[in-house]
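Let me begin by presenting the structure, written as structure tokens, before commenting on it.
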Amino acid sequence: MGGISYSDLQWAATGERLTEQSFTRYRKEGGMVAHHNIPEEIVRLAVADPMVMIASDGILENGKGHPRAAGTYARVLARYVREQHALSLIDALRKMSLLPAQRLGIQSKGRMQVGADADIAVIDPERVIDNATFDSPARYSDGFPYVLVSGVFVVREGKLVAGVSPGRGVRR
């Protein structure tokens with residue numbers, strides 16, 4: 001369906017590309033599958049469109065899943081902003097923060113102002129890069145020296161801060 005073949009599907013738990021036989025077997029078992037079916041040019045056009053927000057629906061379970069779960073934002077900043085110039089840095093940041101907050105009607109997110117939640121990511125635009133791959137989908141991105149959630153450091157000097165879990169899930 002959708003013009004793809006079994007080889008366009010990848011079993012997240014092992015990284016193997018599927019065949020008709022393995023698809024049938026895994027379908028009975030249940031689990032995550034990555035689809036490799038969106039051409040790069042289409043992704044570039046979508047990312048650059050002024051009405052498109054940037055977010056991720058990637059899921060990681062036990063370190064397995066889709067690399068976009070760990071690398072979406074860094075990938076956009078590295079590939080589509082820095083390398084390909086498909087959009088400006090400020091447009092990318094707006095698509096990642098303000099637009100989703102506005103779409104969800106959340107005034108305390110997506111902007112830096114008095115009363116906002118103090119979720120802040122400090123980036124190094126020359127160094128930011130996604131490191132997650134289909135073989136290692138949980139690898140952290142580089143180029144985020146500081147990240148605060150609800151005003152609490154979760155990344156400091158590029159290192160994950162142990163033992164903190166501020167913030168809360170957004171439910172809308």
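Here are some notes:
- Per-residue Cβ neighbour rank within 10 angstrom, fewest leading, Met53, Met112: Met112, Met53
- Under-5 Å amide H pairs with Val161, H placed in peptide plane, nonlocal only: Val155, Arg156
- Under 23 Å of direct C-alpha separation, and excluding same-chain neighbours fewer than eight residues apart, Lys159 reaches these lysines: Lys64.
- In order through the range 132-138: 3J(HN,Hα) via Karplus (6.51 cos²θ - 1.76 cosθ + 1.60), integer Hz, x for Gly, Pro: 5, 10, 5, 7, 10, x, 9
- Extension gain (nm, one decimal) between Ser5 and Asn62, 0.36 nm per residue minus Cα-Cα: 17.8 nm
- Between 0 and 90 degrees, the angle of helix 20-29 with respect to the longest Cα principal axis of the chain falls at about 60 degrees.
- Considering only alpha-carbon pairs that sit under 8 angstrom and 6 or more positions apart, the relative contact order computed for the chain is 17 percent.
- Local charge for Val47 was computed over the other residues whose Cβ lies under 10 Å away, with Lys and Arg +1 and Asp and Glu -1, and equals +2.
- By the count of other C-beta atoms within 10 Å, a proxy for reagent exposure, Asp130, Asp8 are ordered fewest to most as Asp8, Asp130.
- Judged by the gyration tensor of its Cα atoms, with axes a ≥ b ≥ c, the range 32-172 is rounded; a/c sits under the 1.5 cut.
- Expected 222 nm ellipticity per residue - DSSP helices of 4 or more, -39500 (n - 2.57), all of the chain, to 500: -6500 deg cm²/dmol
- Annotation: extensible slack from Ile106 through Glu16 equals 28.4 nm (criterion: 0.36 nm per residue apart, minus Cα-Cα distance).
- Each of Asp124, Asp91 has some number of other Cβ atoms within 10 Å of its Cβ, and from fewest to most they run Asp124, Asp91.
- Comparing Ala69, Ala138, Ala121 in a Gaussian network model of the chain where C-alpha atoms under 10 Å apart are linked, the largest mean-square fluctuation is found at Ala121.
- Each part gets one Cα centre, and for the range 1-66 versus the range 122-156 those centres are 23 Å apart.
- Sequence-distant lysines (8 or more away, or on other chains) whose Cα lies within less than 17 Å of Lys109: Lys95
Bear in mind that the values in this text are calculations on the coordinates, not laboratory data. All figures in this text were calculated on a predicted structure; none of them were measured in a lab. Positions of Cβ are backbone-derived with ideal geometry, glycine not excepted, and every protein chain shown enters the neighbour counts.
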